[in-house]
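A short worksheet on the structure shown next.
FYI, it's all coordinate maths here, none of it is from the lab. It should be emphasised that the depicted structure is a prediction, and the values quoted were computed from it without experimental measurement. Here Cβ is always computed from backbone atoms with ideal geometry, including for glycine, and neighbour counts include all displayed protein chains.
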Amino acid sequence: MRVLNITAFDAILGYDWLKPLSPMTCHWTDKTMEFIYQGRKVCMKGITHKATSIQELSADQLVKWWKGNDIWGLAVLQ
């Protein structure tokens, strides 16, 4: 899990963090994720209000994440 100083996201969960928690149930519309951890059911809930701003990502940071295989999804806004 990576904690970032980006106003649109509190954290980004990577494949290496998610894989050991399989299987899981994700409800994308409700922004929930459920899985079993140490025998207990865990439900993570995302914030339901829309972000009001998004910060620009530098090309250097994008290349660093790409080289570290840290990108699993990307949105480009113009």
Legend entry - Amide H within-cut-off set for GLY14, under 5 Å, with H built and near neighbours excluded: ARG2
Inset, instruction - Starting with the fewest neighbours, write out GLU56, GLU34 ranked by other beta-carbon atoms found within 10 Å of each beta-carbon. - result: GLU56, GLU34
Inset, instruction - Fewest Cβ neighbours within 10 Å first, please rank LEU21, LEU62 accordingly. - result: LEU62, LEU21
Legend entry - Extension reserve of the THR29-LEU13 stretch, reckoned as 0.36 nm per residue once the Cα distance is removed: 4.0 nm
